[in-house]
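Worksheet: one structure, shown below.
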Amino acid sequence: MAGAAGEHFDDLETRAPEVREAELLERLRGQLARAKATEGYRERLSGLEPGDLRNRADLARLPVTRKAELIRLQGERPPFGGFNAVAPGAAGRIFVSPGPIYELEGRESDYGRVARALFAAGFRAGEVVHNCFAYHLTPGGWIMDAGARALGCAVVPAGVGNSEQQVEAIAHLRPDGYAGTPDFLKVLLDKAAELGRDCGSLRKALVSGGALFPSLRAEYAERGVAVRQCYATAELGLVAYESEAMEGQIVDEGCLLEIVRPGTGEPVAEGEVGEVVVTTFNEAYPLIRLATGDLSAILPGTSPCGRTNLRIKGWLGRADQTAKVKGQFVHPEQIAETVRRFPAVVKARLVVERAGEQDRMTLQVETSGAEPALGAQLADALQAATRLKGDVELLAPGSLPNDGKVVDDRRKYD
């Protein structure tokens, strides 16, 4: 619940840092004991006991789990790689994310802990949230839905697409704010202007699932919408969020975050860019040191808003060549899958850019003796592999740089 002054979600946010650190380590020892009881962690954590974790430096003794490894382990030991602490039938929901990665959600009312981020974005009990995260198979819509309801808000479960119908619903229901990917809010506002419908009730937004570019945030501000962003993943729930101070993203109270050197589990110095590794305290699905593949860095000091937890600079790219496009991860392996059945393709690269405040993908392929229909066929194969539409550019052999890039993200994040 919100604090007495109404400025913070609860007293956890303003704890003395040393108190928080001691309590996080105590929770971590409990989570380690819980994880060691699961089939998946029993071998991974053998030789390590909860009492061995005396300070944050001891975290480096615990193995890091990467998403590619999680996919492999789930395939070997379905459905969850043995990392679940409860039987599938005792879960609240079960999701399927691209990869595929299968996630288990417990029965807590705000399993993804997003109510805290919504509160920091200005949402309050009694308001209506227009939720445009996807509800189909993936957890985004459900995580935001649960957080809004835990905060005391009503939810319009809009999902993605159907922009004209959504605009009509907004004009009629007058929701107080929007939740969804950064780009889709512009789609709705532009559609409302095109149709002459009033969507002016949307005065605030909490966005995630993609980069909020400064130019787009400024455009929203000009249109009367105060936009804050949060960093969350399907497996971990909320990781960090913006407050009114707008100085970095504050780490959620329900997880333990580290920044490590990419490809290792070794922590980097404060301020150095590295890979985000997170441990959650979810009892149903304990995840110990899950590597997100995202790059960030710790900001010095604490937020001017009074919240005392660590802050990160936000999303600074990927530790690998994976890119997030319109809220979906696109992996180099998917590009290989796209071109595999086309012998005329010599080399391929996916270029990700911004065009009109929207993400745009172009599959550049070197080809010799291409059939006229090759471009359309590759476009269909790209959409099948990534679930996203993209253009195709056919090039002569030798046109692409010899730099090893398969996914070339050319968007600017600062």
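Observations
- For the range 237-266, the candidate set comprises residues that are more than 16 Å from the chain's Cα centre (by Cα) and hydroxyl-bearing (S, T, Y); within that set, the residue that is surrounded by the fewest Cβ atoms within 10 Å (Cβ to Cβ) is T264.
- Residue match in the range 107-121 (condition: in the same structural domain as L238 (by TED's automatic domain parsing), crowded, with 16+ Cβ neighbours inside 10 Å and under 25 Å from D198 (Cβ atoms)): yes
- One residue stands out among those in the range 285-313 that are in a loop (DSSP other than H, G, I, E, B) and among the aliphatic types (A, V, I, L, M): the one that is farthest from P88 (Cα to Cα), which is A297.
- Options A205, A117, A193; residue that is out of contact with any Gly (no Cβ under 9 Å at 6 or more places or on another chain) and either closer than 26 Å to V325 by Cβ or of a type in the set (F, W, Y) (or both): A193
- Single residue of A91, A35, A60 found to be surrounded by 16 or more Cβ atoms within 10 Å (Cβ to Cβ), within 22 Å of T292 (Cα to Cα) and either of a type in the set (A, V, I, L, M, F, W, C) or outside the structural domain of A319 (by TED's automatic domain parsing) (or both): A35
- The numbered conditions (1) within 19 Å of L24 (Cα to Cα); (2) out of contact with any helix residue (DSSP H, G or I) (no Cβ under 9 Å at 6 or more places or on another chain) are all true for V260 except (2).
- Matching residues, the range 71-88, being closer than 21 Å to I143 by Cα and crowded, with 18+ Cβ neighbours inside 10 Å: F80, F83, N84, A85
- Filter pass, Y135 being hydroxyl-bearing (S, T, Y) and outside any loop (DSSP other than H, G, I, E, B): no
Okay, residues lined up against (1) farther than 23 Å from R149 by Cβ; (2) among the aromatic types (F, W, Y); (3) in contact (Cβ under 8 Å) with a residue 40 or more places away in the chain; (4) in contact with a strand residue (DSSP E or B) (Cβ under 8 Å, 6 or more places away or on another chain):
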{"site": "A60", "(1), (2), (3), (4)": "yes, no, yes, yes"}
{"site": "P63", "(1), (2), (3), (4)": "yes, no, yes, no"}
{"site": "K67", "(1), (2), (3), (4)": "yes, no, yes, yes"}
{"site": "Q74", "(1), (2), (3), (4)": "yes, no, no, yes"}
{"site": "G82", "(1), (2), (3), (4)": "yes, no, yes, no"}
{"site": "S97", "(1), (2), (3), (4)": "no, no, yes, yes"}
{"site": "Y102", "(1), (2), (3), (4)": "yes, yes, no, yes"}
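- Test: residue in the range 151-160 that is surrounded by 22 or more Cβ atoms within 10 Å (Cβ to Cβ), within 21 Å of the chain's Cα centre (by Cα) and within 24 Å of F281 (Cβ to Cβ): yes
- Test: residue in the range 98-115 that is assigned to a helix (DSSP H, G or I), modelled with pLDDT of 95 or more and within 16 Å of F9 (Cβ to Cβ): yes
The values are calculated or read from the model by the stated rules, or taken from the named source; none is laboratory data. No experiment lies behind these values; they were computed from the predicted model shown. With ideal geometry, Cβ positions are generated from the backbone for all residues, glycine too; neighbour counts draw on all protein chains shown.
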